[in-house]
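**Student:** One structure, pasted below without further comment.
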2 protein chains.
Amino acid sequence: MAESKLEKQKPDILEQEIVAQSRLFKIEQLQLRFSNGEERTYERMRGSGRGAVMVVACPDPEHFYLVREYCAGTHDYQLGFPKGLIDPGEDALMAANRELKEEIGFGARRFITLKSLALAPGYFNATMHIVLALDLYEEHLTGDEPEPLELTRWPRHRITELLQQADFTEARSVAALFLADAYLARNPDVFELTA
Amino acid sequence: MAESKLEKQKPDILEQEIVAQSRLFKIEQLQLRFSNGEERTYERMRGSGRGAVMVVACPDPEHFYLVREYCAGTHDYQLGFPKGLIDPGEDALMAANRELKEEIGFGARRFITLKSLALAPGYFNATMHIVLALDLYEEHLTGDEPEPLELTRWPRHRITELLQQADFTEARSVAALFLADAYLARNPDVFELTA
C-alpha cells in the first residue's frame, strides 16, 4: 500500500474502431490487453478535444455569480457556474472571458486557474479548466443561448445552503465551489491586489 | 437578479430519436421549443439509468482510501475513490459496500450519504451518490477488474497535496474529497459513535 505514485504499465491497445457516431459524439471501441495478459473490450467517447472552461466570477470577496440554465441531459434547469467549450483559436482564459460576457454580462481583468478537472476519465477525454475571475467590468456579448440565463449573486457565507439546493448538483460546479472557496480562504488579500 | 429559485417553464420536446447506439451508449437527438419560441436541436446520452456510487472509506478520522485504476477515456491511470454502477436489485448502499469489498478489500458497517452528483447534466442523466463509509472490516470480493487496483491510504492533512497530483483530476473525486472533509470537520465525534 504505497503512498507514492508507481509507474504502471498501460494496457496495449490491440484494436480501436468508431462503432457509433452522431453530430456531436463519436463512440470508440477499444480492444485492450493489460500487462498481466488479461484482455477486455472497452468503449469510450471522443469529443472535440478542445477542452472547456468553468468560471467562478467574484464581484467582491463575499459573492460569486451563478447561472440557471436548461440541461437537455436531465430535461431540467440546473444552477451552476458559467461554462462553455473553448472555441477554435481561443485559449482557456479567452474562452473564460467570452463565456462570462455572454452568460453574465461581465468581463474580468484577472483570471486565476485553480485546477483542470476530468469529466469521467473511464469514458471521456474531456478537460474543464476551473478559473477564478476577479476585477470584473460590465460588458455583454450575445452568445448562442436559446433564452436568457437567470443570474444569481450568491453570498460565500451561504455555501452550505447552496450545496443543499436540489438544482445545484453538477460535480464540476461542486468541485469549483470548494476550490474557489479554499483559494479565497488561503489568499484573503487577493482582492486588495486588484483594487 | 433573484436569489430565490424561480419556477422556469421547461422547453417542449417536439421530437426525440435515437440517432446512434453502441453496446454501452445511446445518443438521442431532441428537437426543443423554448418558452420564448426559440427552437433548437440538442443531443444527449442515455445510460443505464441505475446510477452509481463513489465511496470515501475512512479507517480512522485521519485517513481515507484511494485506488489507482486504468481509465480508457484518457488511456492513463487515475487516482480516485472506489466507485461503480449500482447493479440490478441493489440500492446505493448495497452497491457501495460491494464496490468497497471488490476494490479495497473492506466492507463498512456505517454509510453516510453526503450528496448526489450529476455528471454533466447538459448531456447526461447520470447520478452518482457520494457516500462516506465508516467502521470498516476486512472482507474481499472478487470483482470484474482486469487487474488488481493499487490501494493508497491517504492522510486527511495532505488534501492540498492530493489536489496537486497530476492523476487526481476526476471532478467527482475532487467534489467527494471536499464533501467528506467538510462533513468530518463539522462532525468530529462521528468516529466516537461507531467505536
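**Student:** So if R0 is 41 Å, what FRET efficiency would A:Glu38 and A:Tyr137 give, r being the distance between their Cβ atoms, rounded to the nearest 0.05?
**Tutor:** Plugging the Cβ-Cβ distance into 1/(1 + (r/R0)^6) gives 0.15.
**Student:** Could you run the Karplus curve 6.51 cos²θ - 1.76 cosθ + 1.60 with θ = phi - 60° over the range A:12-24 and give me ³J(HN,Hα) per residue in whole Hz, x for Gly and Pro?
**Tutor:** Working through the residues one at a time gives 7, 8, 7, 8, 9, 7, 6, 9, 7, 7, 10, 4, 9 Hz.
**Student:** Under a Cβ-only charge scheme (Lys and Arg +1, Asp and Glu -1), can you give me the dipole magnitude of the range B:1-128 about the Cα centre, in debye to the nearest 20?
**Tutor:** Its charge dipole is roughly 160 debye.
**Student:** Which pairs, out of A:Lys8/A:Lys115; B:Lys8/B:Lys83; B:Lys10/B:Lys115, put more than 29 Å between their alpha-carbon atoms?
**Tutor:** Long pairs (Cα-Cα over 29 Å): B:Lys8/B:Lys83.
**Student:** Roughly how many Å is it from the Cα centre of the range A:12-27 to that of the range A:86-115, as a whole number?
**Tutor:** Between the Cα centre of the range A:12-27 and that of the range A:86-115, the gap is 31 Å.
**Student:** Related question: Looking at the square roots a ≥ b ≥ c of the eigenvalues of the Cα gyration tensor of the range A:140-195, which shape do they give, rounded for a/c under 1.5, prolate if a/b is larger than b/c, or oblate?
**Tutor:** Oblate is the answer for the range A:140-195, as a/c is 1.5 or above yet b/c matches or exceeds a/b.
**Student:** For chain B, what does the helix formula give at 222 nm: sum of -39500 (n - 2.57) over DSSP H segments with n ≥ 4, over the residue count, nearest 500 deg cm²/dmol?
**Tutor:** About -6000 deg cm²/dmol.
**Student:** Just to be sure I understand the model, the point goes 7 Å from the Cα along the line to the Cβ. What's the resulting A:Ala182 to B:Arg50 distance in nm?
**Tutor:** Reported label-point gap for A:Ala182 and B:Arg50 is 3.2 nm.
**Student:** Please report the orientation-averaged projected area of chain A, defined via the convex hull of its C-alpha atoms, in nm².
**Tutor:** Here the figure is 14.6 nm², rounded to one decimal.
**Student:** Moving to a separate point now. Would you mind classifying the range B:81-195 by shape? Square roots of the alpha carbon gyration tensor eigenvalues, ordered a ≥ b ≥ c; an a/c under 1.5 is rounded, otherwise it is prolate if a/b is larger than b/c and oblate if not.
**Tutor:** Judged from the Cα gyration tensor, the range B:81-195 comes out rounded (a/c under 1.5).
**Student:** Now for a separate question. Place a +1 charge on the Cβ of each Lys and Arg in the range A:52-194 and a -1 charge on the Cβ of each Asp and Glu, then give the dipole magnitude about the Cα centre in debye, rounded to the nearest 20.
**Tutor:** Dipole magnitude for the range A:52-194 comes out near 500 debye.
**Student:** Ordered by residue, what ³J(HN,Hα) values in Hz, to whole numbers, does the range B:90-103 give under the Karplus form 6.51 cos²θ - 1.76 cosθ + 1.60, where θ = phi - 60° and Gly and Pro are x?
**Tutor:** For the range B:90-103, the Karplus-derived couplings read 9, 9, 4, 6, 4, 5, 4, 5, 5, 4, 4, 5, 6, 9 Hz, x marking Gly and Pro.
**Student:** Can you run phi through the Karplus equation (6.51, -1.76, 1.60; θ = phi - 60°) for the range B:152-161 and list ³J(HN,Hα) in whole Hz, with x for Gly and Pro?
**Tutor:** 10, 9, 9, x, 4, 6, 10, 5, 4, 5
**Student:** Then there is this: Find, to one decimal place in angstroms, the Kirkwood hydrodynamic radius of the range B:2-106, where the mean of 1/r is taken over every pair of different Cα atoms and then inverted.
**Tutor:** Mean inverse Cα-Cα distance, inverted, gives 17.6 Å.
**Student:** Still on this structure: Using only the Cα atoms of the protein assembly as shown, what do you get for the radius of gyration and for Dmax, in Å?
**Tutor:** Cα radius of gyration and Dmax of the protein assembly as shown are 21.1, 60 Å respectively.
**Student:** Can you sort B:Met128, A:Met94 by how many other beta carbons sit within 10 Å, fewest first?
**Tutor:** A:Met94, B:Met128
**Student:** What residues have an amide H closer than 5 Å to that of A:Gly105, excluding those fewer than 5 places away on the same chain, when H is modeled at 1.01 Å from N in the peptide plane?
**Tutor:** A:Leu141
**Student:** Find out how many positive minus negative residues lie around A:Arg156, taking Lys and Arg as positive, Asp and Glu as negative, among other residues whose Cβ is under 10 Å from that of A:Arg156.
**Tutor:** Every neighbour counted, the sum reads -2.
**Student:** With a point put 7 Å past each Cα toward its Cβ, work out how far A:Gln9 is from B:Arg23 in nm, to one decimal.
**Tutor:** Each label point is offset 7 Å from its Cα along the Cβ direction, giving 2.4 nm.
**Student:** Sticking with this structure for a sec: Amide H of B:Val56: which non-local residues (sequence gap of 5 or more, or other chain) have their own amide H closer than 5 Å, using H built in the peptide plane?
**Tutor:** Counting only residues 5 or more places away or on other chains, the set is B:Val131, B:Leu132, B:Ala133.
**Student:** For B:119-131, what's the mean count of beta carbons from other chains sitting within 10 Å of each residue's beta carbon?
**Tutor:** 6
**Student:** Please report, in debye to the nearest 20, how large the charge dipole of the range A:23-64 is about its Cα centre when each Lys and Arg carries +1 at its beta carbon and each Asp and Glu carries -1 there.
**Tutor:** Computed about the Cα centre, the dipole is about 380 debye.
Rule-based calculations on the coordinates, nothing more; no lab input. A quick note: this is a predicted structure, and the numbers were derived from the prediction, not measured. Please note: Cβ atoms are built from the backbone with ideal geometry, for glycine as well, and neighbour counts cover all protein chains shown.
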